[in-house]
Amino acid sequence: MRLSQKTAIVTGGAQGFGAGIVDKFLTEGAKVLVADINGDAAATKAAENANVIAAQTDVSHRASVQAMIDTALTAWGHIDILVNNAGITHLPTPLEDVTEDDFDRVFAVNCKSIYLTAQAIVPHMKSRGSGAILHVSSTAGLSPRPNLNWYNASKGWVNTATKTMAVELAPQGIRVNALNPVAGETPLLKSFMGEDTPEIRAKFISTIPLGRFSQPEDMGNAAAFLCSDEASMITGTLMEVDGGRCI
């Protein structure tokens, strides 16, 4: 098993892509903390497997992030892997019409969370001389669609942060990578599309050469590889899990 004896935190791990990552990590032998703003959903996920613990976490607030890290350290004594998966979007809207509150919320969850988790976990990983950090970004940060401007920009930020963190932390043995998935069968799909109809789904899928949305299992498979020792020479990579969408 590729993640045997590893410990991992997955934010937004109770559903969608995060749940797919959690499930794959467990299959590969890891112990996982499911961090989610929906505490009940996190607890339900934890009840499925003895190697899972849960933490209700708001990744946009420092105290909540620190409590998440402390919970993991209390349970395991060390943390090998952090997956920053929690994310949100605004509805498809002309860029000038997105409210300031929506803008702030998108950047707090998608970007500030990475800053906060880094401040909380990087000193620990530096002290151990190892660690893997994985950000779940989006094809929106590489090949943006109109009317999701500020969401696109937040994911562009994530991709740049991935590369700059990778360069800075490599000498301490910490690898930092990102996944860039295309729209997937998750609770966020309707938010990206505006409304979920067969016609809009067909329009989205027509832009994906492999002809389907991404699935949580796709993300789990990619994440397990990048966070495993098999990827020990890979850092700063923005892996497109997109069925060819960005070609």
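When the P(r) is computed for the range 148-236, the part past 19 Å accounts for 53% of the Cα-Cα pairs. Projecting the Cα atoms of L238, A153, M165 onto the dipole axis of the range 7-240, where Lys and Arg carry +1 and Asp and Glu carry -1 at the beta carbon, places M165 farthest toward the positive end. Between R105 and M233, the simple label model (points 7 Å from Cα in the Cβ direction) yields a spacing of 4.5 nm.
In which sequence would I121, I21 go, from the one with the fewest C-beta neighbours within 10 Å to the one with the most? Write out the running numbers ahead of the final one.
Values: I121 23, I21 32.
Ordered from fewest to most neighbouring Cβ atoms within 10 Å, I121, I21 come out as I121, I21.
Each Lys and Arg contributes +1 and each Asp and Glu -1, all at the Cβ; summed about the Cα centre of the range 181-247, the dipole is approximately 260 debye.
Long hydrophobic helices in the chain, taken as whole DSSP H segments with a C-alpha length of 20 Å or more on their own axis and mean Kyte-Doolittle hydropathy at least -0.5: 62-76, 113-128, 149-169.
The count of lysine pairs in the range 118-247 with alpha-carbon distances below 28 Å, taking only pairs 8 or more places apart or on different chains, stands at 6. As a length-normalised measure over Cα pairs under 8 Å and 6 or more apart, the relative contact order of the range 1-125 settles at 25 percent.
Please compute the contact order of the range 7-240 in relative form: average sequence separation of alpha-carbon pairs under 8 Å and at least six residues apart, divided by the residue count, as a percent.
Values: 448 pairs, mean separation 51.8, N = 234.
Rounded, it is 22 percent for the range 7-240.
Exposure proxy ranking for S137, S228, based on other Cβ atoms within 10 angstrom of each Cβ and starting from the fewest, stands as S228, S137. Here the dipole of the chain is about 640 debye; that uses its Cα centre as origin and unit charges on the Cβ of Lys and Arg (positive) and Asp and Glu (negative). In plain terms, the residue of V241, V167, V34 with the fewest other Cβ atoms within 10 Å comes first and the most crowded comes last, giving V167, V241, V34. Express in % the proportion of alpha carbon pairs of the range 7-240 at distances exceeding 33 Å. More than 33 Å apart: 12 percent of the Cα pairs in the range 7-240.
Where a number appears in this text, it was derived from the coordinates with a stated rule and is not lab data. Worth saying up front: this structure is predicted, and the values here are computed from it rather than measured. We place every Cβ from the backbone using ideal geometry, glycine too, and count neighbours over all the protein chains shown.
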